[in-house]
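The values are calculated or read from the model by the stated rules, or taken from the named source; none is laboratory data. Since the model is a prediction, treat every value here as computed from it, not as a measurement. Reconstructed Cβ throughout: ideal geometry from the backbone, glycine too, with neighbour counts over all protein chains shown.
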Amino acid sequence: MAKRRKGDRYQELVAAAARIFAERGVKGTLVSDIVKAAGVAQGTFYLYFKTKDDIVLAVVDQLVDVLEGNLANAVRTDGRSAAERLRLLCEVLADLASVPGTPEIVDFMHSSENRILHDRLVAALAPRLVDLMEGVIRQGQAEGSFDVKDARRAAWFVLSGLQGTELSGVPLAEMPEALNVSADLALRALGFKGGAS
């Protein structure tokens with residue numbers, strides 16, 4: 001992806017790209033737009049990125065890092081049941097739709113020509129997310145609110161269901177409700193018999 005990641009210039013370029021993608025969309029953005037917004041020469045861009053697709057991936061990577069941090073914070077929320085934590089994870093995923101530039105990046109990543117890029121990012125993120133989900137499920141087992149034998153496999157199952165919601169073609173604006181429905185289904189699959197979580 002990036003040729004080199006040293007210094008503030010890399011971050012300035014990524015931040016500028018995220019702003020321009022939010023304003024104009026990925027397709028409507030040229031490398032020259034990004035370098036102008038970052039206040040650097042066009043050649044500087046190519047010290048860090050080979051193509052515009054590479055900087056799109058860098059913006060997505062940054063988004064994934066923020067998402068992972070927000071998900072980890074939701075899991076660490078004190079005083080919440082496992083079912084409440086699972087719903088919080090879904091809310092964090094749903095809130096992604098409100099991040100500026102996300103709809104354009106999501107469209108870019110879901111286009112058929114970028115399927116390999118999408119799958120690569122999912123493959124990198126999934127093991128980190130499964131650890132978070134497994135922790136939630138283990139808590140539910142300890143509370144007696146989840147009835148599953150293998151927390152790790154259950155975590156993969158729940159995350160696969162959430163990914164299925166993402167890939168189902170639900171418009172981003174409708175994603176919060178779709179993820180709420182997915183959370184209901186996940187809780188049932190985990191054997192949750194409690195009231196409203």
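If I go through region 27-63 residue by residue, how many of them are of a type in the set (A, V, I, L, M), farther than 22 Å from residue 125 by Cα and either at pLDDT below 90 or not in a helix (DSSP H, G or I) (or both)?
3
Within region 26-35, work out how many residues are in contact (Cβ under 8 Å) with a residue 24 or more places away in the chain and loosely packed, with under 15 Cβ neighbours inside 10 Å.
1
Any chance region 123-138 includes a residue that's out of contact with any helix residue (DSSP H, G or I) (no Cβ under 8 Å at 6 or more places or on another chain), at pLDDT below 70 and closer than 23 Å to residue 178 by Cα?
Within region 123-138, not a single residue is out of contact with any helix residue (DSSP H, G or I) (no Cβ under 8 Å at 6 or more places or on another chain), at pLDDT below 70 and closer than 23 Å to residue 178 by Cα.
Criterion first (in a helix (DSSP H, G or I) and surrounded by 16 or more Cβ atoms within 10 Å (Cβ to Cβ)) does residue 66 satisfy it?
Here the answer is no, as residue 66 does not meet what is asked.
Quick one: which residue in 181, 170, 148, 122 is closer than 19 Å to residue 72 by Cα and aliphatic (A, V, I, L, M)?
From the options 181, 170, 148, 122, the qualifying one is 122.
In region 36-63, what count of residues is obtained for those that are crowded, with 20+ Cβ neighbours inside 10 Å and more than 24 Å from the chain's Cα centre (by Cα)?
The total comes to 2.
Within region 152-164, which residues are modelled with pLDDT of 85 or more, touching a helix residue (DSSP H, G or I) at 6+ places or on another chain (Cβ under 8 Å) and within 15 Å of residue 89 (Cβ to Cβ)?
Within region 152-164, 154, 155, 156, 157, 158, 159, 161, 162 qualify.
Which ones in region 142-190 are among the polar types (S, T, N, Q) and either free of Cβ contacts under 8 Å to residues at least 24 places away in the same chain or touching a Phe, Trp or Tyr at 6+ places or on another chain (Cβ under 7 Å) (or both)?
145, 160, 165, 168 - these are the residues of region 142-190 that are among the polar types (S, T, N, Q) and either free of Cβ contacts under 8 Å to residues at least 24 places away in the same chain or touching a Phe, Trp or Tyr at 6+ places or on another chain (Cβ under 7 Å) (or both).
Check region 80-103 and report whether any residue there is more than 29 Å from residue 153 (Cβ to Cβ), of a type in the set (Lys, Arg) and either at pLDDT 80 or above or more than 16 Å from the chain's Cα centre (by Cα) (or both).
no
Name the residue that is surrounded by the most Cβ atoms within 10 Å (Cβ to Cβ), counting only residues in region 69-79 that are small (Gly, Ala, Ser) and without any contact (Cβ under 8 Å) to a residue 12 or more places away in the chain. It would help to see each step written out before you state the result.
Within region 69-79, the subset small (Gly, Ala, Ser) is 69, 72, 74, 79.
Checking the rest, the ones that are also without any contact (Cβ under 8 Å) to a residue 12 or more places away in the chain come to 69, 79.
Numbers: 69: 11, 79: 5.
Out of the qualifying residues, it is 69.
Within the set of pairs 6 or more residues apart or between chains, which connect a residue that is aliphatic (A, V, I, L, M) inside region 80-95 to a residue that is at pLDDT below 85 and outside any helix (DSSP H, G or I) with Cβ atoms less than 8 Å apart?
So the pair list comes out as 83/194; 83/197; 86/197; 88/77.
Answer yes or no as to whether residue 181 is of a type in the set (A, V, I, L, M), out of contact with any Lys or Arg (no Cβ under 7 Å at 6 or more places or on another chain), surrounded by fewer than 19 Cβ atoms within 10 Å (Cβ to Cβ) and under 19 Å from residue 84 (Cβ atoms).
Considered against the rule, which asks whether it is of a type in the set (A, V, I, L, M), out of contact with any Lys or Arg (no Cβ under 7 Å at 6 or more places or on another chain), surrounded by fewer than 19 Cβ atoms within 10 Å (Cβ to Cβ) and under 19 Å from residue 84 (Cβ atoms), residue 181 comes out as yes.
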